[in-house]
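*Asks:* Below is one structure. I have some questions about it.
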Amino acid sequence: MSAAVTVDAVSKRFRLYQERNQSLKATLMRRGRSRYEEHWALRDVSLEIPSGKTFGFIGENGSGKSTLLKCIAKILRPDSGHISVEGKVSALLELGAGFHPELSGRENVYLNGSILGLGRKDLDRKFDDIVAFAGLQRFIDSPVKNYSSGMYVRLGFSVAINVGPDVLLVDEVLAVGDEQF
């Protein structure tokens, strides 16, 4: 069986800055350099996920799960190593990502769908299925800023699965879904 996702010796580091907003004088005294500490969210991670399999990452807060998903989705770039993904990727990593709060659910379906690679004709064809799966027929023309977090995630998940991804990346956003979802 071929691999859907291959992660090879991936490392990702972030800078944790020591100073808060300092005065201009303090910045000039440091010659514009900020003091920081390096934090390695991922260090030499390797794994292979076979096609057609469900796979989960379990770990404590801050252990790098979300960072790894963002690297796989190409939202973040690893500092070293290589990631390859076979096929189309759809990611549902943060509540409201790809949605504009002032736009209606309908407008956000088209916005998010186009971000995920669907054309207008495909979205027109899939629109009713997306809305029905999300269970938001009565609310689809309301601005999403008025949606509950459960409504938000149902709509986002429905769009994400209807783009026909080969790899679906889901982080903690489903924790806000209601019982029926």
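*Asks:* How many of the residues making up segment 70-107 are closer than 24 Å to A134 by Cα and either modelled with pLDDT under 95 or not in a helix (DSSP H, G or I) (or both)?
*Replies:* Total satisfying the criteria: 18.
*Asks:* Counting just the residues of segment 66-106 that are touching a strand residue (DSSP E or B) at 6+ places or on another chain (Cβ under 9 Å) and among the acidic types (D, E), which one comes out farthest from S2 (Cα to Cα)?
*Replies:* E102
*Asks:* Let me ask you something else. Between a first residue in segment 150-162 that is touching a residue at least 24 places away in the same chain (Cβ under 8 Å) and a second residue that is basic (K, R), which pairs have beta carbons less than 7 Å apart while being 6 or more apart in sequence or on different chains?
*Replies:* Taking only residues 6 or more apart or on different chains, the pairs are N162/K126.
*Asks:* Write out, first by first residue and then by second, each pair whose Cβ atoms fall under 8 Å of each other, whose residues are 6+ apart or on separate chains, and whose first residue, in segment 41-66, is at negative phi while the second is in a loop (DSSP other than H, G, I, E, B) and of a type in the set (S, T, Y).
*Replies:* P50/S2; S51/S2
The values are calculated or read from the model by the stated rules, or taken from the named source; none is laboratory data. Here the structure is a predicted model, which is why all the values come from computation and not from measurement. Neighbour counts run over all protein chains shown; Cβ positions are idealised from the backbone, glycine included.
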